[in-house]
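What follows is a set of notes on a single structure, which appears directly below.
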Amino acid sequence: QLELPDELAFTSSIMPQKKNPDIIELARAKCAIPIGTYSQTATTLHSLPTSYNLDLQEITPNIWRSSKATKDVASILRILIHRTKARDVDVNRTDLVMTTGTEAANMLVTELGIPFRLAHQVVASAASEFSRGGSRQADSWPKLVLQKARAMIGNQSKKLRAELPRPLSVAKVVTHKRSLGSPAPRETLRLLRARSITLERIVRRQRARRSRVVSAKAQLRREVLRLSE
């Protein structure tokens, strides 16, 4: 797993525990500038007669644009290479519980009446502290979310209960999903059954088409033999 440096990432608008590699995506787009300016320059120079031509004035801005884009990308890559942290992935690690951050924010909104903007800040702060803790247990995650919520809400803390309405374990959150196409076991089973039925229909249609093709080939062969006699 790669952990990006904070200066090269921004939080998601919907998932407060998630880092989006926005700066890296912009750097990737910047890489297209030298390629595009090279194509434009090569086209400008194509078939020009020798000696100086005013066409060459259009090339100079391309050189500066390409140089600036290359320098910007190089500076970003320098930070990326030096400050990105790599660590082994353990599927049983406790910080996987932070993948329930969006569910935690939604729960603060729908069941505790907290505005989403504030809920986003609460969960983002809890996720940051939880990830720095290292040795924290998974069951401390919902407690930390509530602690941050009480600290940020202040005199509205009476809305908060002793614990969140639902557990924030990955398994519980996934099971609780009810929307169509969600990863909940019941919905996954429904989709598998639906896809199996669709696949069976496709197989039957393919068999019928293959049978018609075989029949048509046999009929064609008979007709060819008849005409060749």
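The values are calculated or read from the model by the stated rules, or taken from the named source; none is laboratory data. Please read these numbers as outputs of a predicted model, since none were measured by experiment. Counting neighbours? That spans all protein chains shown, and the Cβs are built from the backbone with ideal geometry, glycine included.
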* Does the stretch 88-104 contain at least one residue that is assigned by TED's automatic domain parsing to the domain that holds Arg117, of a type in the set (Asp, Glu), touching a residue at least 60 places away in the same chain (Cβ under 8 Å) and part of a helix (DSSP H, G or I)? -> yes
* Asked: Can you name the number of the only condition in (1) of a type outside the set (Gly, Ala, Ser); (2) surrounded by fewer than 10 Cβ atoms within 10 Å (Cβ to Cβ); (3) part of a helix (DSSP H, G or I) that Arg186 fails?
  -> (2)
* **Positions within the stretch 19-46 being in a loop (DSSP other than H, G, I, E, B) and in contact with a Leu (Cβ under 8 Å, 6 or more places away or on another chain), in sequence order** => Pro21
* Structure fact -> When restricted to Pro16, Pro115, Pro49, the only residue exposed (fewer than 15 other Cβ atoms within 10 Å of the Cβ) and within 25 Å of Gln147 (Cα to Cα) is Pro115
* **Residue that is farthest from the chain's Cα centre (by Cα), among those in the stretch 60-79 that are surrounded by 14 or more Cβ atoms within 10 Å (Cβ to Cβ) and more than 25 Å from Asp6 (Cα to Cα)** => Asn62
* Before we move on, is Pro167 out of contact with any Phe, Trp or Tyr (no Cβ under 7 Å at 6 or more places or on another chain), at pLDDT below 85 and either part of a helix (DSSP H, G or I) or assigned by TED's automatic domain parsing to the domain that holds Met15 (or both)? -> no
* **Check on Pro16, part of a loop (DSSP other than H, G, I, E, B) and more than 30 Å from Ala119 (Cβ to Cβ)** => no
* What are the pairs, 6+ residues apart or on separate chains, where a residue within the stretch 186-199 that is outside the structural domain of Lys172 (by TED's automatic domain parsing) has its Cβ under 9 Å from a residue that is of a type outside the set (D, E, K, R) and surrounded by 10 or more Cβ atoms within 10 Å (Cβ to Cβ)? -> Arg186/Thr175; Glu187/Gly181; Thr188/Ser182; Leu191/Gly181
* Asked: Within the bounds of the stretch 97-106, is there any residue that is surrounded by 11 or more Cβ atoms within 10 Å (Cβ to Cβ), among the acidic types (Asp, Glu) and either over 30 Å from Ser125 (Cβ atoms) or touching a Pro at 6+ places or on another chain (Cβ under 8 Å) (or both)?
  -> no
